[in-house]
Amino acid sequence: KSKSIQNFFSWKLKPMKVRKLGLRLVDTALRISGDSIANYAPIMVVIQDDLCKYLIQTMLNEPKLLSNALQVFKLLITYHRAELKMPIEVVFNAVYLRALSGSIKHSESVIEVLENLSDLHSIPTFWSELYINYDCDPRCSNVMENLCKFLTKNTFPIFMRSEKKHILGHTQML
């Protein structure tokens, strides 16, 4: 890999504006290219290794960029989920479930993750693919089961006032 590509994904070294611009550029490139990037093996290697690692680090460590990183990840799921099995599992376990459980200390992280999950409904077969590719594979964690358990447990608060995150969680359960 070239040094410039590795430097592009050195997220700690860049100012916030540059990282946000980088996420917007990646978002635009993915929107324009769609699934055609999969035809270029070197680009897919960069996406699988560097981009996914960068996105996970950004989602976990940069609350101000969580929404942008989730949007890029949604595009990766939309166009390249067949090539990104392991990164998808990591994001669901390390980011989505951690944010939903409150482990990511940012007031809007739960709502941003729930809205992103809601956006994933636009992919017709995504939820069944998630179950088949992870929960039915003995080598993978039960991504769908864990997500459903969390949403079920936290969507219907018994002794709390209802908030936007509960309504969004209820929408995911339906």
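Observations on the model:
- At the residue level, Asp27 shows approximately 20 square angstrom of accessible surface with a 1.4 angstrom probe and all protein chains present.
- Shape category assigned to the range 76-122 from the gyration tensor of Cα positions, a/c cut at 1.5: oblate
- Net charge contributed by nearby residues that have their C-beta within less than 15 Å of Pro138 (K/R +1, D/E -1): -2
- Annotation for the range 95-149: trypsin sites (Lys or Arg not before Pro) lying in DSSP loop with at most 10 further Cβ atoms inside 10 Å of their Cβ are Lys105, Arg139.
- Above-threshold pairs, the threshold being 22 Å between Cα atoms, out of Lys14/Lys85; Lys20/Lys149; Lys85/Lys105; Lys17/Lys85; Lys64/Lys105: Lys14/Lys85; Lys20/Lys149; Lys85/Lys105; Lys17/Lys85
The values are calculated or read from the model by the stated rules, or taken from the named source; none is laboratory data. Since the model is a prediction, treat every value here as computed from it, not as a measurement. When we count neighbours, we look across all protein chains shown, and the Cβ atoms used for this are built from the backbone with ideal geometry, even at glycine. What goes into the accessible areas is simple: the full protein's heavy atoms, side chains included, and nothing from ligands, DNA or RNA. Shrake-Rupley method; radii C 1.70, N 1.55, O 1.52, S 1.80 Å.
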